[in-house]
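Colleague: What follows is a structure written as structure tokens; I'll ask about it next.
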Amino acid sequence: MHKIVLVEDNEINAKLIRDLLKFKGYEVVVVISGLDARGVVEQEQPDLILMDIQLFGTSGVEAAKEIKGDKNLKHIPIIAVSAFSKEKLEEKNLSSYFLEYIEKPIEFSTFIQTIEKAIELSKNNYKIKKLTGEA
Ligand code: MN
């Protein structure tokens, strides 16, 4: 079973996304505060991170930066989930932190497809890096 860490400070959104992912067979760990994100990711070692951008106390960008700055965690793909437009994120040059971007309100089938693709891609990349000794 694949594990996803969901960083989302809105409880209703978090519950909605968690229930959807659980229904699709994923194990989900919800983090309400971006400040706890890196610690939880380190502990849970998920296959994927879903990151809200506007978070209480910090931003999803800061939390993603922290995770990508950790050599033991940087291989885990992060998908931004935000009401910000994709253009706005690209303007800020965030593609080095985020593999993909999902716009809120989420559209369920696109959402699940994006997640499945990201997990598959990261598994393959990780295998290649392991073979070439980069991981
Ligand atoms: Mn938020």
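The values are calculated or read from the model by the stated rules, or taken from the named source; none is laboratory data. Worth saying up front: this structure is predicted, and the values here are computed from it rather than measured. Keep in mind that these areas ignore ligands, DNA and RNA; they rest on the heavy atoms of the full protein, side chains included. Shrake-Rupley method; radii C 1.70, N 1.55, O 1.52, S 1.80 Å.
Colleague: From the helices alone, meaning DSSP H stretches of at least four residues, give me the mean residue ellipticity at 222 nm for the chain, per-run term -39500 (n - 2.57), in deg cm²/dmol to the nearest 500.
Modeller: My calculation for the chain gives -14000 deg cm²/dmol from helical runs alone.
Colleague: Please report the carbon-and-sulfur percent of the accessible area for the stretch 13-103; probe 1.4 Å, protein heavy atoms only, DNA, RNA and ligands left out.
Modeller: 48 percent
Colleague: For the stretch 73-78, in order, what is each residue's ³J(HN,Hα) by Karplus, 6.51 cos²θ - 1.76 cosθ + 1.60 with θ = phi - 60°, in whole Hz (x at glycine and Pro)?
Modeller: 10, 5, 6, 7, x, 10
Colleague: Convex hull over the alpha-carbon atoms of the stretch 12-66: what's its volume per residue in Å³?
Modeller: For the stretch 12-66, the hull spanned by Cα atoms encloses 73 Å³ per residue.
Colleague: Which value, in Å², gives the accessible area per residue of the chain when a 1.4 Å probe is used on the protein heavy atoms?
Modeller: 58 Å²
Colleague: For the stretch 28-110, report the % of Cα-Cα distances exceeding 16 Å.
Modeller: Percent of Cα pairs beyond 16 Å in the stretch 28-110: 48.
Colleague: Any idea what Rg and Dmax come out to for the stretch 75-135 if you just take the C-alpha atoms, in Å?
Modeller: Calculated on Cα positions, Rg and Dmax stand at 13.4, 40 Å.
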